[in-house]
Every structure is written in structure tokens, then in C-alpha cells.
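Read the figures in this text as sums done on the coordinates, not as results from a lab. These figures come from a predicted structure and were not determined experimentally. Reconstructed Cβ throughout: ideal geometry from the backbone, glycine too, with neighbour counts over all protein chains shown.
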Amino acid sequence: MTEQTQARIRLHNFIEDIERSIDTPIDLKGMEVKSIMIGAMGGSAISSNIVVSCCADCAKIPISIIRSPVIPGWVGPDTLTVISTYSGNTDETLEMYKRAKAVKSPIIVITSGGKVEGMAESDGYPILKIPTGYQPRYSSGYMIGYLAAIIAASGYPAFSNNLKSCLDSLRSYRNYMEVQGSLAYLLADKYKDCVPVICTESKFKSIALRWKSQFNENSKTICFDSALSELDDFEKAPWANYKGKKLTLILIAGEDDMADDSLLKRAANNLEKMGFPFDLIAVGGNTREERLFRAWILGDYVTVYMAEHYGIDPEITTVITELKKRIRGEIRVRIIQSASRRRDGQIGA
Amino acid sequence: MKSQVSRNLPEQIEETLQKPVTKIYESTLICIYNFEASNVAADSISSFVYKNTKIQIHTIVDKSVPEWITPSADVIIMSYRGVNRYIESIYSKVKSRGSKIHCITSGGKLREICEKNSDDLYLIPENLTPFEATGYEMGALVNLYESIGATSIKDAMISILPRLKEYRDLIWDSEYAWKLAMRVNGAIPVIYCSGELRAVHKRWKMLLNSIVNKLAFSGEFPEFDHNEIVSWTEDKDSREFIMLIIKSESESELLDKIFDSAIKVLSKYKLDIEVIDIDGTIMERSIKGIILADAVINRLSEVNT
């Protein structure tokens, strides 16, 4: 492995970032929240996924994550909208903000700045600030902590409390991941030069998404995700037929999912019978939160160590920058074209 | 190899819509459990409700019963064969919460418990493969949504049926379907489309997995732009795959531009990409994407016979 990257320093601070944000006082001004919509993309959305997954058993209101500029028709004054964008300039998220505002949904913004900060200041919506200087996906500690605080303020503090109670254990786990020869190092070595396919149960979906995006961005590795139910229903024969060497099937679950009659065990047994090689990563922990967050931390370190092994900077994602510029440039072109056509009388007055 | 898909998906919808719908009440919160191939019908029809009504819909594909499922929620359990391993456990948990239960099935345990408890039951024809029954499931779900407050969905569906038939007639035995079949036969397909067309990439993947026994993967725009695009442009293993990008004009100018820009950026790299254009209203786009998948798999199953 080569020298430590800036990304690794950011990963180290994940737990502390949660601690810095999770007890932030949130004033909902007496609003009775009937549902929550979180508008986010990429790392911000995936941070929301792990929170929502943890809240399924404790929040008595639906919490939805929207990854599209088009927000659902049900969003309105009873819905608390959380707009989460690290840069504050994510085009899709800005459009969600505008659409949520148009239907009079109360909004809370999580950001480091950008256009959304100016918009929220001007509209008088609360802003929860993240420090600048991060790559968006490494600011997940803040995003998770702030979301926990918002959900607690909405009347459901269980997730926040559960997460706080396992932070020390997660810190120890994180420290272990940083020791040479840890599980993260072993897996980074094992998964280099392959195309990982992460398969989980629905309750671990956030982990599949996090691992996939971190493989994609940190180690620049193609990676796919799949659901255990789909593996069981549709994918057994295709995997048995697969003769290539590149795809590596990785099942990730909590240790508590290993009962003999579980879906996980059944899928694993079936794969074994077919003689198809796969990895099963069973993550320990006393609570759902602890297991999910350990799996999250593990994936982050695996992919950063892989990047270090390849000698690439996990923080640099040139093509995304290029694409964003292109999208904004093209939108400007279209607006200019529309304006000139309007001047020429080609569009109705 | 039997294709297991039906050319008559639009006619199945039409036949099911002829059943009268009794308006029950105005629902505000719906949770829909859908399993196996029923997933596709649920996602395609729900896309209309998501965009055009104030009803909140949540889709669940496992046995979890979130705390917010209370007497104010309508719960739809949808499984063609009605034998999914989770059905009894979900049913009993939901029942204990006092939610209203609606079932769409052809039989099995789901029909049995639904009839026993006098729940709202939408029966669809038996003895089909789950993929052949998709049109019936769609029609039943439209009737159900119409009855619980998604007014206008039935008219919207009726209005697109002629265009769906026309598209099917154009595409079913076409050179284009044949060309796509040949394209996906040679590499591992990865199907991308917008989140509103989730049913489409699911259909492609399920059919490739189940009928052709071929691995396939999928993803969604605009999320693709925020992470996956990095590896597609930097990982040499991208050559193992063919990307099918299903593109359609949406209700968001931004989303349309994101598609166009991403395709332009990707085209600069040595990637095997096939862009598929689909037009129409939201439900129409979704069902056309499903018909195209069925037509391609039908051709592919001929090749592999």
C-alpha cells in the first residue's frame, strides 16, 4: 500500500462528524410532521438511505428519499422536506428545493454552502452547515448526524439514541480497520482486479449502495448491487452459468441474519450446491445500527485501500466535474436559444 | 426455450379494465408489497399515481412492516402465484395493525387468506407464467387505484391503449427487436433508465435472468451521474458489458439534459452503448419499455432454442 490519502483522514473522522452534528437543536416551530421527504443525490442520498433503514421500526411517519428533480404529488404543507446537498449546487437537488417550496412544504437544508444556502437564507429556511473542504461522500457523518437530529425533533428520537449508544463501539471498529492486516486490508487485496456484485437483503440496501458507489468513485471500479430476494428468485441459474472470471459475488448481512431458515442462509446454501464461489461477509454488532454502520465503515476502508493500492487518488472524480459543467452549459445554451426564438417570434407570446 | 412472455399485454389490460370499479373512498397512504415478477406491474402503474395524485405510495419487497403502517394506510399485497414465503407473515402483521388490505393474485395462499378474511380481492387468470400475467396485474392495479382515490388513472390507461397496441405491432417481430436481441446476446447487459421507469430495467433484468439464464445488471439516472459514471469511464473491465440506456423525454427539462449530457460524455470512451428512445406519457413510456423488453426476449429465446 502507498502513502495515506486525504480520503483516509476523512474516513477516520466519520464517527466524530456524527458526534458533532447529532445533537444539533432543530426548531420545527410547532409543525406536526406527517411525513418527511429527503431530496438528495449520490452520497447525500445514500447517507439518507442508512438513516431511513434504521428508522423503519421506530418512526411512525413515512420517510422517503427522492433522487429525481420531479418530486411526488403528495409533498405539501404537512410534509417536512429536507434538502441535502454537500456542494449546495447539485442541479437535481436545487430543482427539488424549488418544487417543494412551490407546494409550500417546510424545508430544512443540509449543505456546506453554494446556491442552496443563498436560496434558503433568502426564503428564511433553516440551514444546517457542513464544513467546506470535503468530497461530498466523505461528509456523510454530518449528513447522518443532522438527519438523526431532524427525525428526533419530529418526535422520533430512537434512531439518534441508538446510534449514539454504539458510537464508541464503532470507533473501536474504525480503529481496527486502520491496522495493517485488518479485514478491510484483506478484502481490498482480494477484490482488486475484479467486478464486485454486492448482494444484500432490503434492510442492508443502503450498504449495497454505499459499497457500490465507493467502489465506483474511490477505486474507480465497476460494481453492481443486487437484492437477495432477486438472487433467490431469478439469478441462481445465471450465476451458475457464468463462466467468466471478473464478476465476484459478495453477500453482506448482519450476523443475526444467519439463522438456518433465513433467506440469506438459503441463498448461500443454494450457491454452494451449485458450486459457485461467493464471499459472505456477516457483520457483527448488538443492534441494527451497529451492524449497519460497521458494514458502512468496512466498505469505505476497503475501497480507499484499493485506490491506494492502485496508486490513484480516491477523491478525484474528473468525469463527474466534466459532466456537471456540460449539463449546466447545455442548459444555458437552451435558455439562450429559447430567448432568441422568442425574440424572433417563434414561440407564442 | 419457451419465451414465457405474452404479446397480448395491452389486450390483457383492456380486458381487465372492462370490469366495473366501485369507488370505495379516498386513500392518502398506500403501501404496496409486491413480489417476484409482480414488481414490474406495481412499479409501472404506481409511476402515474406518484406523479399525478396526492396519494403517498411506498413499495416494499421484503417482509418488513414499518411502524407507519397503521389503520390509516391501505396495504396492497400483490403476488401472481400467491405463494411467496413472506405472505403469511406480512398479512398477519398488517392485519394486526388494522390497515385495510387489498390483494391481487391468481391463487395460492394469498387468495386463501384473503377470501377467508373477506378482504378486497382482485383475481387474475391462473395458469400463466408470472411474466405472461403482467398485463392482467396492471389492469387489476389500475382498477384498485381508481377505487381508492387515484381517479383519472383508468381514463389515462384507456387513452394510451391504442398507442400501446400500435407500438407492440410495430416492435414485436421487428428487425429492431432482433438487433437488440443480438446486441445483448454477446455481452453482459447493464440496463439504465430514469427512476420513474424503474419497472423497465427490472423487467429487462428479470427476463434476461429467468428466461435466457443470463446475468444482467441495472441502474438509474440521474443517480448514475453521481457515482457509477466514474468507473465506467476509468475501469478497463467496462469492455465486458453492453450498456442499454433507455431514454425518454420526461416532465423535467433538467432530467432530459442530464441524459443527453451523460450519453455525450460516455460516447467519448470505448464503451459498448445502445441508446433506446421511448416516448409517450409516464405510464405509456413505462409499458412501452416493458413491451420492448418482452419483444427482445421473445426473439432471444428463438435464437437460444
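Here A:Ile83 meets each of (1) over 14 Å from A:Tyr146 (Cβ atoms); (2) touching a Gly at 6+ places or on another chain (Cβ under 6 Å); (3) buried (at least 17 other Cβ atoms within 10 Å of the Cβ) with one exception, condition (1).
I'm trying to understand the selection: among the residues of the stretch A:269-279, which are out of contact with any helix residue (DSSP H, G or I) (no Cβ under 6 Å at 6 or more places or on another chain) and surrounded by fewer than 19 Cβ atoms within 10 Å (Cβ to Cβ)? Hits for the stretch A:269-279 are A:Asn269, A:Glu272, A:Lys273, A:Gly275, A:Pro277, A:Asp279. Checked against the criterion of being within 14 Å of chain B (Cβ to nearest Cβ), more than 28 Å from A:Ile61 (Cα to Cα) and surrounded by 24 or more Cβ atoms within 10 Å (Cβ to Cβ), the candidates A:Gln214, A:Gln135 yield just one match: A:Gln214. Quick one: A:Arg10 ticks every box in (1) more than 21 Å from A:Arg288 (Cα to Cα); (2) under 20 Å from the mean Cα position of the chain (by Cα); (3) in a loop (DSSP other than H, G, I, E, B) bar one, so which box is it? Here A:Arg10 clears every test but (3).
Could you list, in sequence order, the residues of the stretch B:239-265 that are surrounded by fewer than 21 Cβ atoms within 10 Å (Cβ to Cβ) and assigned to a helix (DSSP H, G or I)? If the condition is that a residue be surrounded by fewer than 21 Cβ atoms within 10 Å (Cβ to Cβ) and assigned to a helix (DSSP H, G or I), then B:Arg239, B:Glu240, B:Glu253, B:Leu254, B:Asp256, B:Lys257, B:Asp260, B:Ile263, B:Lys264, B:Val265 are the ones that fit.
Here the condition is being of a type in the set (Lys, Arg), surrounded by fewer than 24 Cβ atoms within 10 Å (Cβ to Cβ) and either free of Cβ contacts under 8 Å to residues at least 24 places away in the same chain or more than 10 Å from every other protein chain (Cβ to nearest Cβ) (or both); of A:Lys29, A:Lys60, it holds for A:Lys29 alone. Screening A:Ile198 against (1) in contact with a strand residue (DSSP E or B) (Cβ under 7 Å, 6 or more places away or on another chain); (2) at the interface with another protein chain (Cβ under 8 Å from one of its Cβ atoms); (3) not in a helix (DSSP H, G or I) leaves a single unmet condition, (2). If I filter the stretch B:63-72 for residues that are more than 30 Å from A:Arg67 (Cβ to Cβ) and touching a helix residue (DSSP H, G or I) at 6+ places or on another chain (Cβ under 9 Å), do I get at least one hit? Within the stretch B:63-72 (the criterion being more than 30 Å from A:Arg67 (Cβ to Cβ) and touching a helix residue (DSSP H, G or I) at 6+ places or on another chain (Cβ under 9 Å)), the answer is yes, since at least one residue qualifies. Which ones in the stretch A:110-119 are surrounded by fewer than 24 Cβ atoms within 10 Å (Cβ to Cβ), in contact with a helix residue (DSSP H, G or I) (Cβ under 8 Å, 6 or more places away or on another chain) and of a type outside the set (Lys, Arg)? Within the stretch A:110-119, A:Ser112, A:Met119 meet the criteria. Among the residues making up the stretch A:223-249, a single one is aliphatic (A, V, I, L, M), more than 7 Å from every other protein chain (Cβ to nearest Cβ) and surrounded by fewer than 18 Cβ atoms within 10 Å (Cβ to Cβ): A:Ala240.
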